[in-house]
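The values are calculated or read from the model by the stated rules, or taken from the named source; none is laboratory data. In this text the structure is predicted, and so the values were computed from the model without any measurement. Because the Cβ atoms are built from the backbone with ideal geometry, glycine has one as well, and the counts that use them run over all protein chains shown.
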Amino acid sequence: MVASIYPRQITRFAGALALAATCAVTLLAGCSKPVEKAEDIRPVRAIRLAADNVDVVAEFAGDVRARIESRLGFRVGGKIVARKVDVGTVVKRGQILMQLDPRDLQLAQAQSNAGLKAAESNRDLARAELRRYQELRDKNFVSQAVLDGKETAFKAAQASYEQAAAGYQNQSNQAGYTTLVSDVDGVVTSIDAEVGQVVAAGAPVVRVADLGEKEIVIGIPEDKVNTLRQITDVRVRIWANPNGIIPGKIREISPIADPATRTFTAKVSIPTAPADVKLGMTAYVTFAAKTPNAMIKVPLTALFQEKAGTAVWVVENGTVRLVPVRVAGPAGNDILIAAGVSPGQTIVTAGVNLLKPGQKVSILGDDPVAKAEAKALAQADASTAPSQTAQAASVDLMNVAGAAAGNAQ
């Protein structure tokens with residue numbers, strides 16, 4: 001009898017607990033307010049624009065070269081029979097570099113010498129005859145016409161002698177051209193012909209770099225040529241000695257771009273280069289100057305790329321607006337803006353890819369407006385907290401009632 005009463009009591013207790021839980025859910029649901037959808041306000045970082053004369057810094061890598069590098073060749077053609085230098089050989093002015101086979105030119109010189117002696121003999125004979133006929137003319141033994149003929153013959157012999165003398169001198173010079181000598185104190189940078197090779201007159205066979213003034217050869221992008229051309233503060237540092245700064249000066253900028261690299265070749269002279277600066281070393285050329293006009297500088301992260309071009313997000317009255325801008329160029333890690341925005345405006349510098357036109361934003365930092373918006377968001381979150389707590393409590397009661405009913409069965 002007692003055993004049959006307990007199951008009924010447990011069943012009634014579970015039913016009463018379930019009814020109480022249902023009433024509690026209904027009561028809490030009736031007391032809670034409907035949850036309002038929070039407005040999407042995205043936090044961003046922003047800066048206020050200002051115009052100033054900023055530093056334009058650009059650095060390009062290049063190599064050390066001699067300002068004067070001669071491509072030497074023989075003034076006559078022939079076969080190379082001797083090479084006296086190698087690449088890297090330091091040579092003095094007048095030092096022999098290469099030699100040609102001189103036999104043909106020596107024979108030509110001997111031929112010219114023989115022709116000169118024959119012309120000299122003919123000239124002397126014509127002079128002697130002219131003197132004898134002048135004496136005969138003085139005694140009126142010959143006519144003036146005969147004397148005029150002897151004078152003409154002497155002049156022709158004299159001209160032939162001068163022609164033969166010039167030819168002999170030319171052949172003597174040609175024979176001397178078989179020896180190629182350096183015309184400067186320098187270093188051999190290239191050998192373009194070897195022993196046994198037959199070369200034409202004027203063909204380059206040896207390159208000799210003058211050890212005097214050195215320069216740095218770099219390539220400048222086409223969008224920076226006009227800007228860097230006006231900069232006078234040029235500094236050079238060698239990769240092997242990065243702490244040593246050498247003053248430089250732009251000596252030459254190519255008027256046309258290189259067809260392969262599409263850059264303009266520039267030569268920066270370094271007249272005060274120390275002796276440890278060797279040809280072929282890696283060097284860095286730095287251009288530093290302030291812009292002539294005040295310009296606006298923004299971080300690179302502030303730029304937003306779209307199909308129409310480059311733009312920035314301008315913050316106005318708590319919302320953002322996309323404004324196209326024209327970029328003037330880099331300034332270190334920042335970007336110079338040429339047009340599109342003005343000093344005093346506020347632009348977004350972080351989170352530009354997550355914004356849309358007209359979206360409300362809150363600026364992170366010490367801005368009072370941002371603090372007020374953050375406080376309002378906190379209050380809105382606090383107002384929705386009770387309703388969420390009530391819903392959690394009702395769910396817990398329902399779980400308890402369900403568990404009791406399961407135990408009763």
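Structural remarks
- Criterion violated by ALA209 - all others in (1) closer than 30 Å to GLY115 by Cβ; (2) under 27 Å from the mean Cα position of the chain (by Cα) satisfied: (1)
- Scanning the range 237-262 for residues that are surrounded by 13 or more Cβ atoms within 10 Å (Cβ to Cβ), of a type in the set (A, V, I, L, M) and part of a strand (DSSP E or B) yields ILE238, ILE246, ILE250, ILE253.
- The residues of the range 112-127 that are polar (S, T, N, Q) and either farther than 11 Å from SER172 by Cα or over 60 Å from the mean Cα position of the chain (by Cα) (or both), listed by number, are ASN113, SER121, ASN122.
- ALA275 vs. criteria without any contact (Cβ under 8 Å) to a residue 12 or more places away in the chain and assigned to a loop (DSSP other than H, G, I, E, B): yes
- Note on the range 212-230: residues that are crowded, with 16+ Cβ neighbours inside 10 Å and either in a loop (DSSP other than H, G, I, E, B) or of a type in the set (Gly, Ala, Ser) (or both) total 2.
- Subset of the range 190-200 [under 16 Å from SER70 (Cα atoms) and of a type outside the set (S, T, N, Q)]: ILE191, ASP192, ALA193
- Just one residue in the set VAL234, VAL205 is assigned by TED's automatic domain parsing to the domain that holds GLY280, surrounded by 14 or more Cβ atoms within 10 Å (Cβ to Cβ) and touching a residue at least 12 places away in the same chain (Cβ under 8 Å); that residue is VAL234.
- Meets criteria (crowded, with 17+ Cβ neighbours inside 10 Å and either of a type in the set (Ser, Thr, Tyr) or under 20 Å from ILE218 (Cα atoms) (or both)) for VAL298: no
- Number of the exception - LYS37 against (1) surrounded by fewer than 16 Cβ atoms within 10 Å (Cβ to Cβ); (2) modelled with pLDDT of 90 or more: (2)
- Figure legend. Inter-residue proximity from the range 171-196: first residues closer than 30 Å to LEU116 by Cα, second residues basic (Lys, Arg) and outside any strand (DSSP E or B), beta-carbon distance below 6 Å, spacing 6+ or different chains. Indicated pairs: TYR177/ARG75.
- Matching residues, the range 323-353, being touching a Leu at 6+ places or on another chain (Cβ under 9 Å), part of a strand (DSSP E or B) and either closer than 14 Å to ALA46 by Cα or basic (Lys, Arg) (or both): THR346, ILE347, VAL348, ALA350
- On the stretch given as the range 152-192, residues that are more than 60 Å from the chain's Cα centre (by Cα) and loosely packed, with under 14 Cβ neighbours inside 10 Å total 5.
- Among the residues of the range 153-170, those that are touching a helix residue (DSSP H, G or I) at 6+ places or on another chain (Cβ under 7 Å) and free of Cβ contacts under 8 Å to residues at least 40 places away in the same chain comprise ALA153, PHE154, ALA157, GLN158.
- Per-region count, the range 261-295, residues among the aliphatic types (A, V, I, L, M) and more than 17 Å from VAL225 (Cα to Cα): 9
- Selection status of ALA311, crowded, with 16+ Cβ neighbours inside 10 Å, free of Cβ contacts under 8 Å to residues at least 60 places away in the same chain and not acidic (Asp, Glu): yes
- Looking only at the range 85-109, residues that are assigned by TED's automatic domain parsing to the domain that holds ALA166 and surrounded by fewer than 12 Cβ atoms within 10 Å (Cβ to Cβ) come to 0 in all.
- The range 77-116 - residue that is in contact (Cβ under 8 Å) with a residue 24 or more places away in the chain and of a type in the set (D, E, K, R) and, of those, nearest to GLY149 (Cα to Cα): ASP104
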